[in-house]
Amino acid sequence: MAEKPAGLIYGVDDVPPWSVLCLLAVQHIFLMASTLVLPIVLVSEIGGDFTQVQAVVALTMMACGIGTILQAMRWRGIGSGYLCPNLCGPNFFAASMAAAWLGGLPLMRGMTIAAGLVEMVFAKFVHRLEFLFPTEITGLVVFMVGVSLVPVGASKFLHIDYTGEPIQVMSFVIAAITLFVMVGLNVWGSGRMRLYGVLIGMVVGYALSSAAGVLPSGQFQQVLEAPWLGLPALAGAWDIEFRWSLLPAFMIVSICGALKSFGNLVMCEKVNDDQWIRPDTKRIGDGLMADGIAVTVSGLLGGVASDTSSSNVSLSAASGATSKWIGVAAGVLFILLGFSPKLSALLSIMPAPVVGAIVVFVTCFMMMSGLQIILSSKPDTRRIFVIGTALCFGLSLDMSPDLYAHLTPWLRPLFESSLTLSTVIAVALNQLLRVEETLLLRRKVQPNEAG
């Protein structure tokens, strides 16, 4: 049975008071809303009008809310029972954009449904793959999930959108102050202040961004003009198309997303259990099933694919509040916000410095947790080479992507993500070196038997 860590204020099964529960849910909602710009960009790029943009954003929010609730509950093989919210999945964006360019939103929806079904199949068999993910490789996955957040966090922190653009000094100052507020409250604040550290930091960041003009007044005007209540435009929302030629790309993206969710759920386990040793692959499989259902629901509703949020998992660890009921409350509120164009618009204009400060804040927890898991396995020579080699090539993909610019087409999907590349290398090397160990043991045993 899991042992609740002393640093947790509200553990996974604890029920916070209603006022606290609502504030903590709102804190997570702001993070869940941080990627709502993706459906805005996607629909705008294919020529969609403002009504279509609003509809896709609202339907995406509803799908993410449903996924967050499913993940927080445990029912007949669905859900991990952890606070592991969903957001609009950045890892699906490139594939979704390609599908939308080829066949519009109907094709994007159809391929999103296919990706969700692929993850659901993977979830059914993940507990049989436990031998592929010993403690040190599980830690590697968690660490690389944190690494995957670094480019987003750093670029938003410095407010740089493309290579060669100068650092926006004012944005950097705002991000630094916002981060300092979050860290200060987390390090020196009392229990209640620690709970709301990120929310307080966001308020400070919004205020500074507005005062400094980093948040344009035009965006506020759009928020003011949006109605408080309204149903998403559903015309054509259930038009669905499918193309076999796109299936391999979406299968790969789906498995990559599942690996990321695997790392997020391992993080949830570790945060909630002071005696954690190894992942519970059956429970993680149930969590992946919930994630796969959430992706499928995204396509069926007409939204953009969802994914579990590393930032929210790290936020729960940082705040000391990991109650699954926070996930239920956040999911319900996110669904309701889908029916409020004004509030959903407000969430979608989060200033870049605030996003950067939050992502840097939560990335610290994710990366350090991964390192702790790796080192808890007491690395021997084999583990050192397995993890070290995987890190070398995984990090090289982020640092020098041009090294892999001329790969053959069938290998290219493996190099789309440093998380995928490092995980595949670690799993393959670990199995190869274990085979060598087994053969050596047999050679030692055979002379003894002969004797």
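Points to keep in mind about this one:
- Nearest-ten-degree value, helix 169-188 long axis tilted from longest Cα axis of the chain: 60 degrees
- Of the whole protein surface, Met120 contributes about 50 Å² of accessible area at a 1.4 Å probe radius.
- Separation of region 1-77 from region 193-215 is 20 Å, based on Cα centroids.
- Counting heavy atoms of the protein chains alone, Thr381 has an accessible area of about 90 Å² for a 1.4 Å probe.
- For the residues His406, His28, a 1.4 Å probe over the protein chains yields an accessible-area ranking, largest first, of His406, His28.
- Each residue was assigned an accessible area with a 1.4 Å probe, and for Met193 the value is about 80 Å².
- Per residue, region 34-139 exposes an accessible area of 36 Å² to a 1.4 Å probe, with every protein chain left in place.
- The chain pair-distance distribution - Cα-Cα, 10 Å bins, rounded %: 4, 21, 31, 27, 12, 3, 1, 0, 0
- Reachable lysines, given that their alpha-carbon falls under 19 Å from the alpha-carbon of Lys4 and they are not under 8 places away in the same chain: Lys270, Lys324
- Ordering Leu403, Ser377, Pro17 by Cα displacement along the dipole of the chain toward the positive end leaves Ser377 in first place; charges were set at the Cβ atoms of Lys, Arg (+1) and Asp, Glu (-1).
- Computed FRET value (nearest 0.05) for Leu433 with Phe125, which takes r as the C-beta separation and R₀ as 25 Å: 0.55
- 0 to 90° range, to nearest 10: angle between helix 281-301 axis and the chain longest Cα axis: 30 degrees
- The 1.4 Å probe gives accessible areas that order Val203, Val362, largest first, as Val203, Val362.
- Measuring between their Cα centroids, region 234-297 and region 122-183 lie 18 Å from each other.
- Between helix 93-125 and the chain: long-axis angle, C-alpha atoms, 0 to 90°, nearest 10: 40 degrees
The values are calculated or read from the model by the stated rules, or taken from the named source; none is laboratory data. Everything numeric here is computed off the predicted structure, so don't read it as measured data. Ideal geometry is used to build each Cβ from the backbone, glycine not excepted, and the neighbour counts take in all protein chains shown. Surface areas here come from the heavy atoms of the whole protein model, side chains and all, with no ligands, DNA or RNA. Shrake-Rupley method; radii C 1.70, N 1.55, O 1.52, S 1.80 Å.
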